[in-house]
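The values are calculated or read from the model by the stated rules, or taken from the named source; none is laboratory data. These numbers were taken from a predicted model, which means no experiment stands behind them. Positions of Cβ are backbone-derived with ideal geometry, glycine not excepted, and every protein chain shown enters the neighbour counts.
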Amino acid sequence: MSPTASYPGDVVPIVDRLASVPDLAPGPGFAHAVTITGKLAFVSGQVALDSDGQLVGPGDLAAQTAQALRNLHRILGALGADWPDVARFTWYVLDASSVQVIRDVRDEFIRGSLGSQPNPASTLVQVAALFRPEFLVEVDAVVAVGGQ
C-alpha cells in the first residue's frame, strides 16, 4: 500500500462521525459512532516502545501515550491511511482516573488533521496489568482503508 492515503475519486471511507444523539449526553471528546465504506484494518495494540524496542517514558503516562500514538501513526502510513481514517480507538490503561492525560496527548496528535470533525469513537478500559509491568497504556485502532 502507498505511504499516504489515496482513495478512488478522493472519497474518504469515513462517511460520518455521530457526535450528537437525541436524549443522549454528548461523548466527551469522541464520536458515539462512526460509519464507513470500504475495507477495515484492525491495528494491534501499540505501546511505548521505540524502534529499538526500548521503553519510552518510564513512569510517564503522557510520554508513553505519545510514543504509542507515534507507533500507531507509522502503521497508519503503512496502510495508506492517516488520523482522519481512524474509526475507533480502544485504550487500555492501569489508571482510568488519568484519562485527561491521554485525551490531551491524543488531541495533540489528531485534532489538526480532523478539522471540525469529532474525534473517532473511543473506549477506555482500566486493566489490572499490561503485558509488561512498565507499560502504563496501550492503544489499538480500527481504521477505514481505501481501495478495493
Exercise for review: Can you confirm whether region 77-86 contains a residue that is of a type outside the set (A, V, I, L, M), part of a helix (DSSP H, G or I) and exposed (fewer than 13 other Cβ atoms within 10 Å of the Cβ)?
Suggested key: no
message = Taking the criterion of being part of a strand (DSSP E or B) and buried (at least 16 other Cβ atoms within 10 Å of the Cβ), would at least one residue in region 54-62 satisfy it?
response = yes
Here the residues within region 120-148 that are farther than 15 Å from L61 by Cβ, touching a Phe, Trp or Tyr at 6+ places or on another chain (Cβ under 7 Å) and assigned to a loop (DSSP other than H, G, I, E, B) are P120, G146
Inside region 1-44, the number of residues satisfying the requirement of being of a type in the set (S, T, Y), assigned to a loop (DSSP other than H, G, I, E, B) and at pLDDT below 80 is 5
Restricting attention to region 84-114, the residues that are modelled with pLDDT of 95 or more, under 16 Å from A31 (Cβ atoms) and acidic (D, E) number exactly 1
Condition met for Q117 (part of a helix (DSSP H, G or I), of a type outside the set (V, I, T) and either at pLDDT 95 or above or out of contact with any Leu (no Cβ under 7 Å at 6 or more places or on another chain) (or both)): no
Restricting attention to region 120-130, the residues that are surrounded by fewer than 12 Cβ atoms within 10 Å (Cβ to Cβ) and touching a residue at least 40 places away in the same chain (Cβ under 8 Å) number exactly 0
